[in-house]
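Down below is the structure, laid out as structure tokens.
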Amino acid sequence: MASDSYLVKPDPLDPRLTERVRGVDQTGAAVETAVTVERALTIFLNAQEIVTAMTINDYPEYLALGYLLNQHMLLPDDVVTGIDYDEELAVVVVRTKRKTDYEKKLKKKVQTSGCAQGTVFGDLMEALENVTLPPAELRTSWLYRLTQEINTTPSLYLEAGAIHGCVLAVADKPIVYMEDVGRHNAVDKIAGWMFRHHVGAHDKIFYTTGRLTSEMVIKTVRMGIPILISRSGFTAWGVELARKANLTLIGRARGKRFVALAGTERIVFDQDLAYVEEESAKHRRKAAMHDD
């Protein structure tokens, strides 16, 4: 059972998020299965159209805020005067007190390896130079309790699959769990939630089901979170950037196992592995075969 520590968590029974589809299985027998629904959402910043993202669209306001923050279009000290969402037009407009114009920046962008429409603008790399992540601690006992809690929380992944999950945690307590068809969308929704509710990042842990790519590292560092954990593997550039930013980077975290490739000085090895269970097949998510 999931704990009561969640402030936001998946609602796999939300009828807007899945559809039942009929087909056949490998034997030719008729089957009916749940599939994840994705929708287009266009994000505006004031009067300027910024991007159209494919999303499950459960938290459009958080997604818009987080996307703009992580693209450095919305600044941490910006005053947001309004967020207008039109479900029929599939448009969300973020309005700020500061006048904005990103026409030139929209022409200079790098397509990342993230699912769907993840992009990172070139000047975000320069912004990493000015980020100092706070000192923090990650106890391995927290890590094991946290991953167990996340893996057993009812989710859209367990209901229908074809989705990524990201979780914001404090110590061993998950507090916000977002899912989406692209892992960058799930990250952005958490960033937007933090901004909207004035939540600090210095004592937080970020968990993702997706790969630890440069995009994931950049977004985590931009959010000011000092620890990033994934059940999946790494890219070389992701590791390089994490080391440069002194981000604690842990991947292949499944059952008793994990690998830390950056920021290892934050880890406190306080868990006796004899008391840690291996991950059950029921809750095993997609992973590279060589990691098993």
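The values are calculated or read from the model by the stated rules, or taken from the named source; none is laboratory data. For clarity, every value in this text was computed on a predicted model and none was experimentally measured. Virtual Cβ from ideal backbone geometry, glycine too; neighbours counted across all protein chains shown. For accessibility, only protein heavy atoms count, side chains too; no ligands or nucleic acids. Shrake-Rupley method; radii C 1.70, N 1.55, O 1.52, S 1.80 Å.
Seen from all directions on average, region 54-111 presents a Cα convex hull projection of 4.8 nm². Measuring spread by the Cα atoms of the chain yields a radius of gyration and Dmax of 19.0, 60 Å. Applying a DSSP loop filter and a limit of 16 other Cβ atoms within 10 Å to the trypsin sites (Lys or Arg not before Pro) in region 55-102 leaves 97, 98, 99. Normalised by 2.2 N^0.38 Å, where N is the number of residues, the C-alpha radius of gyration of region 1-59 stands at 1.67. Over the chain, dividing the summed -39,500 (n - 2.57) contributions of all DSSP H runs of at least 4 residues by the number of residues returns a 222 nm mean residue ellipticity of -7000 deg cm²/dmol.
Of 97/173; 9/219; 104/173; 9/105, which pairs sit farther than 32 Å apart, going by alpha carbon to alpha carbon? In this structure, 97/173; 104/173; 9/105 exceed 32 Å between Cα atoms. Based on the Kirkwood approach, the hydrodynamic radius assigned to region 154-209 is 11.6 Å, with every pair of different Cα atoms included.
Rg/Rh, computed from the Cα trace of region 146-287 with Rh as the Kirkwood radius, has the value 0.93.
In this label model, residue 98 and residue 77 are separated by 0.9 nm, measuring between points 7 Å along each Cα→Cβ vector. Accessible surface computed residue by residue for the chain, with neighbouring protein chains in place and a 1.4 Å probe, gives 48 Å² per residue. Using C-alpha pairs under 8 Å with a sequence gap of at least 6, the mean separation divided by the residue count of the chain gives a relative contact order of 18 percent. Extension gain for residue 26 to residue 89 (0.36 nm times residue separation, less C-alpha to C-alpha distance): 18.7 nm. At q = 0.17 Å⁻¹, work out log10 I(q)/I(0) for region 18-97 with the Debye formula, treating every Cα as an identical point scatterer and leaving solvent out; two decimals please. Calculated log10 I(q)/I(0) at the listed q: -0.67. Counting every pair of alpha carbons in region 179-261, the share spaced more than 18 Å apart comes to 37 percent. Solvent-accessible area assigned to carbon and sulfur over the chain amounts to 52 percent, based on a 1.4 Å probe. Summed over all non-identical Cα pairs, the Kirkwood treatment of region 126-229 gives a radius of 14.0 Å. Sequence-ordered 3J(HN,Hα) estimates for region 178-193 from the Karplus curve with 6.51, -1.76 and 1.60 and θ = phi - 60° stand at 10, 10, 6, 5, x, 5, 5, 5, 5, 4, 4, 5, 5, 4, x, 4 Hz, glycine and proline given as x.
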